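Below is one structure, written out as structure tokens, with a few remarks after it.
Every number in this text was worked out from the coordinates using simple rules, so none of it is lab data. On a predicted model such as this, the values are computed, not experimentally measured, just so you know. Virtual Cβ from ideal backbone geometry, glycine too; neighbours counted across all protein chains shown.
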Amino acid sequence: MRQFLFRRIAGMLVTMLVVASVVFLLINVVPGSLGAVILGPEATDEEIARLDHQLGLDRPVLVRFGAWVAQLARGDLGSSLLHGTPVARELANRLEPTILLALLATTVAVGVGVPLGTIAAVRHRTAVDVASLGVSLIGISIPNFWLGLNLILLFGLYLKLLPTAGYTNVAVDAGQALRYLILPAITLGLSNAALIARMSRANLLEVLRQDYVRTARSKGLAERSVLLRHAVRNALVPTVSVIGVSIALMLGGAVVVESVFALPGVGRLMIESVQRRDFPMIQGLVLMIAAVVAVVNLAVDLLYTLLNPAIRYA
Amino acid sequence: MLRSIGTSRLRRVLPVLIVALMLGSASAVNGAPAAPATGTPVRGGSAKIAMKTEPDTLDIMWSTSDIIYWIAVHIFEGLMSYDAEWKPVPHLASAHNVSGDGLTHTFTLRRGVRFHNGKEMTSEDVVASLKRWSAISPIGRDINERTNDIVARDRYTVDWRLKAPVSILPYALALWSQAPMIYPSEVVAAAAPRRQITEFIGTGPYRFAEWRRGQQVRMTRYNEYQPLSSAPNGRAGRRDAHLDEVIFVFVPEPSVRQVGLEAGDFHFVMEADRESYPRYRFNLKYKSYLGKAGTTWLVPNHGSPLFNRPRLRTAFQTSVCADAILAIYANPRFYRKDPSVMGPGKWNTDVGREFYNQCNTDRARQQLREGGYDGRPMRMLLASTDQPKIDIATVLQQQLGRVNMPMEHLLRDASGYARVRADRQAWDMLITESSFREHPVLVSHLPANGIPGWQNPDKEKLVDDLMAATNPQQETQIWRRIEQLWHQDVAAVKVGDFFAYNVARVEFEGLGDRPFPYFWNSWLRKR
Amino acid sequence: MSPASNAIPFGSAAMPRPRRTLWHHLSGHPGLLVGSALVGFVVLLGVLAPVLATHPPQQVGMQSRFLPPQPGHWLGTDHLGRDIWSRIVYGGQLSLFVGVFVATAGCAAGTALGLIGGYSKRYGEITMRIIDGLMAFPGVVLGLALIAVLGARLSNVVFALSVVYAPRIARVMHAVVLELKEREYTTAATALGATGTRVLARHVLPNAVGPLTVEFSFSFAAAVVSEASLSFLGVGLPPGTPSWGVVLSEGRNYMLRAPWITLLPGLAIFLTVMGLNLLGDSMRDFLDPRLSGAGQMRRE
């Protein structure tokens, strides 16, 4: 187990180095000027060149990469070229809405997905089953930005039930923060709910077929008890891995959803930074996202091992 | 002296001076210009303003970007302000005097004006701020070249000593765009020479409270604010902070901004979709306002392999149908057809009438043949986030299709755009939406090393004459000749003048008569 | 774009194996039918675009802006007076092109990487690490960065999306190859002295075709959504291009003024993606009934 952990963490580090290098080269190889972005459209070519020089953007790509890696080795993510503030602080400032969004969306996904999948499996081969598969298919296929815009129109404009866009920090007004997050969480959560529904349906069907369920049934236990005490619990084990993965997935979805709902999260910071080529910020974001994905994967694997003793990692 | 350093630099550099001057004042779109007050001011409340784009900084000296000053003018103030006639009048100064030889401008400061950190504003702060502005702003640098020194004569008096008269100095000091506003000297000292300030401390009616990046900028009433006693007059005069808070919320999706307005989440939407005007026009819950004003130009690159041939530029000019393009601005209330390079007022001429909006396909084809056009595509440089210009390009593409000139989009993000623009061989045309200019020499397409790269010895000579001209009649005549050359050489093809569209909820009052939205002297009526 | 389908290696022990449902036995494969019908309809629309379109898709008409659905423009017009129906029909062509191209390129690259990974332990480890690296960040983000840098052009969008999907397909192919290598016929062939290459070409590859078809269909679906997402974020196909994503992206500014502009391209994307997902899902059932309904779709 310890060796497994060690190998996974080493692998994670290699992965992240690969990610960092790929992104760095990608963004730096192609011409573009941050000076131009900072100084605005009326700046002269000469002014732009001067600022680029001052920011060190005219140095060779490899030199800059080396400097950045050296900095990173000291645990320093550097400073935003655009704002001059430490990247780590900017990231920390943007984490709250994204984390809450991911948690809420996961809640929606699990809250909708698991019951939907369970009902489908229990009512296997009935219209309920087909309907649940249909619903989850719709959930998977609907583009989330389109869903988001339509939800805003429906709830914000026609029903006037929920605020349309924006955010309030939890420390300021937790209730309001929640209200701002409901529509984005539904938008982001529904597609994952569909995945989880399909997964838990399949798992439950598998479990219901197993010997111990048959045994339980043949012992004359109530169907309800068989389902809840034996089947559903066991069926949830593989579902956990899908939930873990969907959390990582949501970081991607957050880019689009945060943009639609004007949430000041990490996803929107990513778009802004890419559009303005704020290199240190993009690097920091990419590393953070990669780290989150890696840690979630690791946690899922570990949880999986704990829940299912049949699996042992060499 | 002035002519030797002055003219070319002035023409090259001076970007946006004194905007919207000739427009008169913009006004409420529906109906007559609203009376400034539709009710009695109410104290209190928190106004939420929805903006599309988040600025990179609130350092108002930093760049000409209008999204900076839309927010920052509430925090900072300058020595001078424009009144309703666009004349600069003292604001943080109590008096402005010019010596007989025009070489010394003396600004007497108001006493007892306190920064938001409690410190009293003195000549030390003014000198530090003006020197910083003279170093980083293009207009400032230009004036700086004709400056001996800016000195604090005493605690409340500042002398701006010039080498040669600069009559535009008080105008420049009243600017909002890349504005010479007054920061505490220690804030100026803390900023690296070519970097932005990080502490936003001014003297204005609102003080900076917090900036949640990606979300909002919040400012609160400055209770120790010392308003002028004179009545509000344009941007000048008394400023009252009726609102407790002004919050600028950044919402990238256009329709979401408006849904937010209708749902009551926002009180004011900057740059609403002009197409939605009919939606609000007759709705008593909202009030429409004209926003930022400017001119749309199609700018051929005089250095490119395609448009370095004058005949082909002319052919292009002949083919353009301004009517069809202007329809993009939705409604004649938001645009104006006008051939003149300059807006309404003293510099407006009809010289361009025969060149403007010709829309003559046959003649354009013939001119293309005469110019030896080889069918190569015209490369249109566009920023990928700039939807209005992309739409203009799309309409133009169709027009050019009629004269068999294909168009190729060079679509770049903001940083890539600047990089391509700097390479004069890499593109053939771009589109600009420039703000109105007060004086022809400030028009950015005029100078030989400006964006189209319009070179013509006759023009250079005339521009020098214009700078030296003293009597208005002479000035007008010279300008008419320059404008004639402008159209003949196709420095840039004018599409028309335009306005942005802002919408407010009706309970947001006192917004009446202002071309750029600002939120002092306005209040939220209690519902 | 999700790594979801790769969380659990294809056909591994962790994969749940529900029984093939009776319903499927009875009614054949309705998913396959409905899916093929939807996809076929879109393909038909794309192929017949020149016939079906009532206007050239790029034709600007400034006098007929924002027309609601009506005779002559039966899905209405957009902010430049372009006919929405014609744009959607031609947009189908483009979406199909993007989808097919990305899925093909992704599958080719993915298979090659997966084969290398499955074949050689040493290179496999390195390849998989790089693939993990590429997969460690969300597809939209990778696509966004690539296109922001390369410029918004059809070729770049297709390239970027291929880069996004290839590693995901490679992961699956890697697992498939590993599993197939352990099958009796493969080990038998190896025991009989067949070279590694020969084993791959003769035994592994042909058996991987099934899972590959499924991957193809899911990648296709994901590419269609991704193109739309990127266009929505302003880094997709060039504006003015009649693609579903661009029509939707341009129309969303006018959602209050003219909701029909966004409604229909959204529906078109939705139905196409649904058809493809259904098709992939049913194909998997068909090829490997053990995996029925396992929820392994790829989505944005």
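Do any of B:119/B:526; B:163/B:461; B:163/B:337; B:389/B:459 go past 31 Å between their Cα atoms, and which? Walk me through the intermediate numbers first.
Details: B:119/B:526 35 Å; B:163/B:461 24 Å; B:163/B:337 42 Å; B:389/B:459 29 Å.
In this structure, B:119/B:526; B:163/B:337 lie more than 31 Å apart at Cα.
For the peptides B:337-348, C:251-262, the ranking by packing is C:251-262, B:337-348, with the highest mean count of neighbouring Cβ atoms within 10 Å listed first. With the simple model of a label 7 Å out from the Cα in the direction of the Cβ, residue A:67 to residue B:87 spans 5.3 nm. Working from label points 7 Å from Cα in the Cα-to-Cβ sense, the residue B:40 to residue A:209 distance is 8.0 nm. Rounded to whole Å, give me the distance from the Cα center of the range C:158-185 to that of the range B:345-387. When both Cα centres are located, 54 Å separates them.
Tell me the mean residue ellipticity at 222 nm calculated for chain A from its helices only (DSSP H runs of n ≥ 4, each -39500 (n - 2.57), averaged over every residue, nearest 500). Write out the running numbers ahead of the final one.
Numbers: 12 runs with 228 residues, N = 314.
Helix contribution divided over all residues of chain A: -25000 deg cm²/dmol.
Residue A:131 to residue A:95: FRET efficiency via 1/(1 + (r/R0)^6), r the Cβ-Cβ distance, R0 41 Å, to the nearest 0.05?
Numbers: r = 39 Å, r/R0 = 0.94.
My answer for the efficiency is 0.60.
Counting only other chains, what is the mean number of Cβ atoms within 10 angstrom of the Cβ of each residue in peptide B:258-267?
Working: counts 6, 12, 8, 1, 5, 12, 3, 7, 3, 0.
Shielding by partners across B:258-267 averages 6.
For the range C:74-292, the equivalent ellipsoid derived from the Cα gyration tensor has semi-axes of 40, 18, 12 Å, listed largest first. Inter-chain neighbour count for C:228-234: the average number of beta-carbon atoms from partner chains within 10 Å of each residue's beta-carbon is 6. Computed from point charges on the beta carbon alone (+1 for Lys and Arg, -1 for Asp and Glu), the dipole magnitude for chain B about its Cα centre is near 220 Debye. Once the C-beta distance of residue A:76 and residue B:425 is scaled by a Förster radius of 41 Å, the resulting FRET efficiency is 0.50 to the nearest 0.05. Considering only alpha-carbon pairs that sit under 8 angstrom and 6 or more positions apart, the relative contact order computed for chain A is 26 percent. A Förster radius of 35 Å combined with the Cβ-Cβ distance from residue C:70 to residue B:323 puts the calculated FRET efficiency at roughly 0.90.
The listed peptides A:205-214, A:255-264, ordered by packing as a protection proxy, come out as A:255-264, A:205-214 (highest mean of other Cβ atoms within 10 Å first). For the protein assembly as shown, a simple Cβ point-charge model (Lys and Arg +1, Asp and Glu -1, everything else neutral) yields a dipole of about 2280 debye relative to the Cα centre. In this simple spin-label model, placing a label point 7 Å from the Cα along the Cα-to-Cβ direction at both residue B:350 and residue A:107 gives a separation of 7.0 nm. Mind checking which of B:151, B:344, A:285 is farthest towards the positive end of the protein assembly as shown's charge dipole, using Cβ charges of +1 (Lys, Arg) and -1 (Asp, Glu) about the Cα centre? The residue sitting most towards the positive pole is A:285.
Couplings 3J(HN,Hα) of the range B:419-425, computed from phi: 5, 5, 4, 5, 9, 5, 8 Hz, in residue order, whole Hz [Karplus 6.51 cos²θ - 1.76 cosθ + 1.60, θ = phi - 60°; x for Gly and Pro].
Using only the Cα atoms of chain B, build the gyration tensor, take square roots of its eigenvalues as a ≥ b ≥ c, and label the shape rounded, prolate or oblate: rounded if a/c is under 1.5, else prolate if a/b is larger than b/c, else oblate. Oblate, since a/c reaches 1.5 and b/c is not below a/b.
Taking each residue in A:185-192, count the Cβ atoms of any other chain within 10 Å of its Cβ, then average. What number comes out? Don't skip to the answer; put the middle values down first.
Working: counts 0, 0, 0, 0, 0, 0, 4, 3.
Shielding by partners across A:185-192 averages 1.
For the listed peptides A:187-198, B:289-300, a ranking on the average number of other beta carbons within 10 Å per residue, highest first, reads A:187-198, B:289-300.
Can you tell me the length gained on complete extension of the stretch residue B:282 to residue B:224, counting 0.36 nm per residue apart and subtracting the Cα distance? If you can, show how the numbers build up before the last one.
Values: separation 58, 0.36 × 58 = 20.88 nm, distance 4.06 nm.
Full-extension gain reported as 16.8 nm.
Reported to the nearest whole Å, the Cα centre-to-centre distance from the range B:158-237 to the range A:194-268 is 57. For the range B:53-193, the relative contact order comes to 30 percent (Cα pairs under 8 Å, sequence separation of at least 6). Couplings for the range B:269-285, taken from phi via the Karplus curve 6.51 cos²θ - 1.76 cosθ + 1.60 with θ = phi - 60°, read 10, 7, 6, 6, 5, 4, 5, 8, 3, x, 5, 9, 3, 9, 9, 5, 7 Hz in order; Gly and Pro are left as x.
Dipole check for the range A:88-307: with +1 at the C-beta of Lys and Arg, -1 at the C-beta of Asp and Glu, and the Cα centre as origin, the magnitude is about 700 Debye. Using only the Cα atoms of the range B:146-265, build the gyration tensor, take square roots of its eigenvalues as a ≥ b ≥ c, and label the shape rounded, prolate or oblate: rounded if a/c is under 1.5, else prolate if a/b is larger than b/c, else oblate. It comes out prolate by the Cα gyration axes.
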